[in-house]
Amino acid sequence: MKVEGDFLRGYTDAIILSVLDEADNYGYQINSHITTITDEKLRLTEATLYTSFKRLESDGFIVSYWQDGTNTKRKYYSITTEGKKYLAIYKKIWGENKKIIDKFLGGYENEK
Amino acid sequence: MKMKNKIRKYVEYIFRKKDIENKEEVIEEITANIFDRYLDLFEKYQDEEKAYVEAIKHVGDFSEFENETDDYKHQYKPDWTNLGMVIALVLGVSAVISMFFSSILAIILIILSITLYVSASNYLYHNAIYEFNNNKDVIKQDDALYKIIAPLKRLFVLWNLGISYLIAGLLTSIIQTIVTVNDPDAFTSIGQVISVYLLVFIIIFIILYAVLKKLYFHIVDRINDSLSSKINVNVAVKNYNFKPINLQKIFESIYKGLNNRFMPLIIAIIVNIAIETLSFERISFQSTYLSEIIYFSDLTGTIFTVVLGLRITLVLAGVMSLIFNKNVLKFITIIFGAALSIFVYISFDNKMSYYAVHGYKIGVATDGFFVFVAVTCFIYLVLLIGFKIISLFKKQ
């Protein structure tokens, strides 16, 4: 089953930031990474990816630079200190929200 | 590479109407991402078309980057003011065209164009205030203001062209009359009249441009002051502002135009036509330049032969510039063209009295044309050298 896009849409920025927190990367690799981690249940469209990059860059959470690749020039993104702070806050909020949602809808533990 | 181009074309198509910053960079980035995905899919399917379609399927929806003004323009059905503004523009264009045939018609068309614009914009302005004060409808107010500002720049340019042309004609006639009264022999050449006319036209155009530009901002400020919601007017101003004049870009485009590989050949042909026309008018009535070489056996004949040789060389140099497109060749051709024009003009000028005694017609129009060619060659040369010097300084 594919993970429903609507639910995850609000988390795109945080997901991208968490990927960039590991290393600098470019659009397609970031998306491939997300697809691999989620067992192909989540693949962002170019539009979603680009919109998110644009938003994060204008907020100062990421910066970009061009680098020559094998076939073409690639635009790499790098997380900033502000971005790292934002990610930490997001993780904290997500942890708290998850606990709340689990109380109603149940987590894996409840399912068992 | 073929597939990458295909993907790039698709991305360019998606972004064709989008008004975003660094558009080229965005297209480059998205093309690179889709191409990477295509390569992965191609490895999987081993089918170019299937991989392409699958890669494109994941592009998603970029509609939120749609230029809002495009939709906004069509939110309301057009009324008479739309038609009025269009007619005002058509009248402005017609005035510019008709000024070459009838000054009276041009004046009437300009007056009609101005009247139509003023009445339509007056209606729109009051409509905007009404919509804001009574209906609190900011979008409708914006729409009305947009319609006032939108055609104004084009209209100002058209009116300026027409008015400058008419005033220049009037002033040149006055100058010509004053000069001729003091010295009846002065100011008889068509070349002189055209030069004065152009100079006056340019001066008036620049003055009017400055005045109209000030008026444009005055109109915008006036609208801004009259309304409570100023931010909406700023949108109109932002979109329809006068573009700042980029001198460097203008210089570069003029230089590119002048430095065209066809230019030396065109100049060579024009110089040849000018010399031929001059000889046709002056040497003997309705005879060609070539026949004069045969006719004259003395020094005049020798000069004609030399000049003919130089004329052929000039055309050859023009052809060489066209083929090899070398700057050195272009410079040589232009310098040669200018020098030849001046040489022929001076030598013919010396002969003028001699032939005039024999009752040959001296064409005033030919004079003007010849002066025009020589002056053009000279200006062209000065511009080319000027641009070359500027570019050398820039490199340093």
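The values are calculated or read from the model by the stated rules, or taken from the named source; none is laboratory data. Computed from a predicted structure; not experimentally measured. Here the Cβ is made from the backbone with ideal geometry for all residues, glycine too, and neighbour counts use every protein chain on show. Surface areas here come from the heavy atoms of the whole protein model, side chains and all, with no ligands, DNA or RNA. Shrake-Rupley method; radii C 1.70, N 1.55, O 1.52, S 1.80 Å.
Observations
- Chains A and B together, accessible area buried on both sides, 1.4 angstrom probe, square angstrom: 1900
- In nm, spacing of pseudo-spin labels at residue B:305 and residue B:389 (7 Å Cα→C-beta vector): 4.1
- The simple spin-label model puts a point 7 Å past each Cα toward its Cβ; for residue B:40 and residue B:323 those points are separated by 5.5 nm.
- Partner shielding of B:36-45 amounts to 2, given as the average count of beta-carbon atoms from other chains within 10 Å of each residue beta-carbon.
- Pairs from A:73/B:256; A:54/B:18; A:73/B:18; A:54/A:84 whose Cα-Cα separation, in the structure shown, is over 20 Å: A:73/B:256; A:73/B:18
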